[in-house]
Amino acid sequence: MFRTASISSIASRFFISINHPRVAPLTIPLASFTNHAPIPAGPVNSTNQAQRNRLTFRQEEHHQQRKKRSGPLQFLVASSFLSWFSKKSDDEDTPESQLITIIKRSILSIQKEEYQKAEQMLHLALKMAQDLQSKDGITYIYDIMANLAMEVGDFAKAEKLFVNVMQRLFSDGFLEDHIKMLHISSKVAHLAQLQGQLDKAAQGFEWTLAKLEEKLKKLGDDNAKEIRELWGITKNWYAQLLMENKRFLEAKQAFLQAYEAYTEIHGMLTEEGLTILNNLSVACSNLEDYASAERFLKEAIALAAQIPDLSEAGVYKANLGLLYLQQGLLQQASEFCTFAWRYGKQHKHEETVIQASYCLDQIKAMQK
């Protein structure tokens, strides 16, 4: 028999809204949205409240908890100094080429999640750059250090380092609306968000987006790719902030804009794009627009099937199961949550298993 009392715990359960690790402001290959996944909430007791309750988004505050949930990150440094890096040559056995080699090795260590080793190499590189009096090199290394601190969850340190980089750029004559500055201002706003400074984050995002939009109006399509990408990435972070502030309709629109910007540059078959689709479904579920939430999740699931060994694929299935469960569709919920549980076990993806197990437990409780 269907038990209405159990609906309260379903309605209070969060769909997982994913902040994907690899979507970030970047100019060196691809980097990090820096992933900080949500923490599921406990059930509420009020049955009447449950019928009205909306699924909500929360940002996980602790990086190590996030890593346990999401698995290893493929981190690529999101530095804003490609021009300095690319114009140097490491073909010659010079102090400068040795410096570049150490920097490259530190980036490789970051990609391998050997963070302590990367930190040691970067300090060595910084000392070498200072000895060489390479002003650009010092700034570049500070920027990598800031991204590394952001990746390992030391948000206060990352913010301090990014501010240092901005000050160095100002002293070199860069204006506040230069693309390098806007890359960093977007990250500083995101760091404020991750530290719970939501008003500061909102001001930072809104200022950065306004400056980017001014630039987009001035540039033709051929010259606007980097700015368009940064605008989309910033929109995605801003949408997550809007979710935290329970401004779900605005969040939905921001996620839609972020998805359009990202896919027009990178195509449909990317994990980052699927992450935005998933988060779109979370926004819609909070608006009680279950048809749209289902549509976005099904689109994410269909696309995920074309990306081999995608760990988040199980999360999308579990979220769809929970969406059906909230509507009392137990057969569909059981189908998707059972698949998600098996997928999570197979791929050792803890958050998928947790989410699917919760769903299956609720189904059993309703059938008693």
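The values are calculated or read from the model by the stated rules, or taken from the named source; none is laboratory data. None of these values were measured; they are calculated from a predicted model. Virtual Cβ from ideal backbone geometry, glycine too; neighbours counted across all protein chains shown. Accessible surface is based on the protein model in full, side chains and every heavy atom, while ligands, DNA and RNA are left aside. Shrake-Rupley method; radii C 1.70, N 1.55, O 1.52, S 1.80 Å.
Give me the accessible area of Thr101, 1.4 Å probe, in Å² rounded to the nearest 10.
Here the residue's solvent-accessible area equals roughly 50 Å².
Exceeding 26 Å between C-alpha atoms, which entries from my cross-link table qualify? They are Lys127/Lys180; Lys215/Lys298; Lys157/Lys215; Lys180/Lys200. Display every interim value, and only then the final one.
Numbers: Lys127/Lys180 24 Å; Lys215/Lys298 35 Å; Lys157/Lys215 30 Å; Lys180/Lys200 20 Å.
Result: Lys215/Lys298; Lys157/Lys215 exceed 26 Å.
How large is ³J(HN,Hα) for each residue in the stretch 313-326, as worked out from phi by the Karplus curve 6.51 cos²θ - 1.76 cosθ + 1.60 (θ = phi - 60°), to whole Hz, x for Gly and Pro?
Working through the residues one at a time gives 4, x, 4, 4, 5, 5, 4, 5, x, 5, 5, 5, 4, 4 Hz.
Got a number for the accessible area of His178? Probe 1.4 Å, square angstrom, nearest 10.
Taking all protein chains as shown, His178 has close to 60 Å².
Measure up Lys160/Lys252; Lys135/Lys160; Lys112/Lys235; Lys104/Lys135; Lys252/Lys345 against 20 Å on the Cα-Cα distance and list the ones that go over. Please report the intermediate quantities before stating the final value.
Numbers: Lys160/Lys252 32 Å; Lys135/Lys160 18 Å; Lys112/Lys235 29 Å; Lys104/Lys135 18 Å; Lys252/Lys345 31 Å.
Those over the limit are Lys160/Lys252; Lys112/Lys235; Lys252/Lys345.
Tell me which GluC sites (Glu not before Pro) from the stretch 205-299 have a DSSP coil assignment and no more than 16 other beta carbons within 10 Å of their own. Mind showing how you got there, number by number?
Working: sites: Glu206, Glu213, Glu214, Glu226, Glu229, Glu244, Glu250, Glu260, Glu264, Glu271, Glu272, Glu288, Glu294, Glu299; in loops: Glu288.
Here the GluC sites (Glu not before Pro) that fit, given the DSSP loop and packing criteria, are Glu288.
Apply the Kirkwood formula to the stretch 142-220: the hydrodynamic radius equals the inverse of the mean of 1/r over all pairs of different alpha-carbon atoms; give it in Å with one decimal.
12.9
Using the Kirkwood radius over Cα pairs, work out the Stokes-Einstein diffusion coefficient for the stretch 287-353 at 25 °C and 0.890 mPa s, in µm²/s as a whole number.
Stokes-Einstein gives a translational diffusion coefficient of 207 µm²/s.
For the full complex of protein chains and a 1.4 angstrom probe, list Lys187, Lys127, Lys317 by accessible area with the highest value first. Mind dumping the intermediate values first?
On the way: Lys187 5, Lys127 110, Lys317 40 Å².
Sorted by accessible area, descending: Lys127, Lys317, Lys187.
What does the accessible area of Asp136 come to, in Å² to the nearest 10, when a probe of 1.4 Å is used?
Accessible surface of Asp136 is approximately 70 Å².
Quick check of the Kirkwood formula: for the stretch 183-302, what is the inverse mean of 1/r over all pairs of different Cα atoms, in Å? Show your work: numbers first, answer last.
On the way: mean 1/r = 0.0684 Å⁻¹.
Roughly 14.6 Å, rounded to one decimal.
Taking a 1.4 Å probe, which of Glu96, Glu159 shows the most accessible area, and what order do the others take after it?
Glu96, Glu159
For Val353, Val163, Val282, give me the order by solvent-accessible area with a 1.4 Å probe, most accessible first, ignoring ligands, DNA and RNA. Can you show the working numbers first?
Working: Val353 25, Val163 60, Val282 0 Å².
Largest to smallest exposure gives the sequence Val163, Val353, Val282.
Check which residues have an amide H placed less than 5 Å from Leu219's amide H, if you skip close sequence neighbours.
none
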